[in-house]
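Asker: Could you have a look at this structure, given as structure tokens, before my questions?
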């Protein structure tokens, strides 16, 4: 029996689909690992029922949480400077009568919040240039990007774009910035001016740049059951679309391995709790664009990041609960670790606090995970 368990959340950039999630109270202590515990009236699905292979599914082991950073606003994205290790977290707090948003700055050395920037334009995503250290913040509510100096932490300019920006990435090869909006706006990292606009069939969602080839990967969600979702591949030299890869299962996030060049895409699935859900982590060859493997993940994979130091792949599973066949079941949230050479799940860090955005520090290798559940807003630091 299938059951859809999605809800919608209003942000400045519009309505976003989110799953209804059920979790246990957070454990106390920075080193505590969180796990979902099913009361007697509930049942936890077997690996087969959850759509995860029973064989080879690891226990909660491996990487450990070494710090928990409390925030006053809900974290939406995480970006880390490869130069300084500073962590930038766009965040917001929406209530019936008010809206507050900003960017928290966290020291990568102490894992303490060291500053915050008020941004009432609805910051939704961020990326840091490895070439000049500046931070590019996508303001979904204002159709523009802020450029923040990596040296001073001050806004140095605003770049207008066509629509509400859902994602942003910076090419480590030429410094150009790619902003996913109604299409893809290409911005010069030297002048901070829009130099090209690439039209897409559907609004662009997530964007990533290959540090090996400079190719740009952009997800598109059709929003129409009769049309397939897809990934566009853009040549980073010509800013022309060179390939379109069909992906009909709601791609939400994308990352490219600096170690292997392989492309990792989280597919949220159809929202049906049956065999046809197709939630997974899709792995593509960076050379051919062909599927290498598709890793099943029934726990709603939402975001992905790759360690530039080890090539390990980290995936946030938001987790959820739903009644199926008259029994309430829990698909627990957490962070999966996938071997970058084997594309096999090697470890899982349980996380009941609805993990969402994720990033890996190029300097320390530590993993930063944005959590938000029932007003408990934190960033976990997992030892990489």
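Asker: Distance in nm between label sites at residue 213 and residue 132, each 7 Å beyond Cα in the beta-carbon direction?
Answerer: Inter-label distance under the simple model: 2.8 nm.
Asker: Another question, then. Could you tell me how many cubic angstrom of Cα convex hull volume the stretch 274-347 has per residue? Before the final figure, lay out each step's value.
Answerer: Numbers: hull volume 7.1 nm³, N = 74.
Cα convex hull per residue, to the nearest whole number: 96 Å³.
Asker: Quick one: Kirkwood hydrodynamic radius for the stretch 298-384, alpha-carbon pairs, angstrom, one decimal? Working shown, then result.
Answerer: Working: mean 1/r = 0.0747 Å⁻¹.
It works out to 13.4 Å.
Asker: I'd like the Kirkwood hydrodynamic radius of the stretch 176-334, using the inverse of the mean 1/r over distinct C-alpha pairs, in Å. Walk me through the intermediate numbers first.
Answerer: Numbers: mean 1/r = 0.0608 Å⁻¹.
Across the stretch 176-334, the inverse of the average 1/r is 16.4 Å.
Asker: Across every pair of different alpha-carbon atoms, what Kirkwood hydrodynamic radius in Å does the stretch 63-168 reach?
Answerer: Details: mean 1/r = 0.0714 Å⁻¹.
14.0 Å is the Kirkwood radius here.
Asker: So, one more: Throw me the Rg/Rh for the stretch 134-173, computed over C-alpha atoms with Kirkwood Rh, two decimals. Could you put the intermediate results ahead of the total?
Answerer: Working: Rg = 10.4 Å, Rh = 10.6 Å.
Over the Cα atoms of the stretch 134-173, Rg/Rh equals 0.99.
Asker: Please find the FRET efficiency linking residue 191 to residue 294, where r is the Cβ-Cβ separation and R0 is fixed at 30 Å, and quote it to the nearest 0.05. Mind showing how you got there, number by number?
Answerer: Values: r = 41 Å, r/R0 = 1.36.
About 0.15, to the nearest 0.05.
Asker: Now for a separate question. Need the full-extension length gain, residue 93 to residue 151, defined as separation in residues times 0.36 nm minus the C-alpha distance. One decimal, nm.
Answerer: Values: separation 58, 0.36 × 58 = 20.88 nm, distance 2.73 nm.
18.2 nm is the gain from fully extending residue 93 to residue 151.
Asker: Translational diffusion coefficient of the stretch 166-270 at 10 °C, 1.306 mPa s, Stokes-Einstein with Kirkwood Rh over Cα pairs, in µm²/s as a whole number.
Answerer: Values: Rh = 13.6 Å.
Here the translational diffusion coefficient equals 117 µm²/s.
Since every read-out is calculated from the coordinates, none of them should be taken as a lab result. Since this is a predicted model, take the numbers as computed values, not measurements. Positions of Cβ are backbone-derived with ideal geometry, glycine not excepted, and every protein chain shown enters the neighbour counts.
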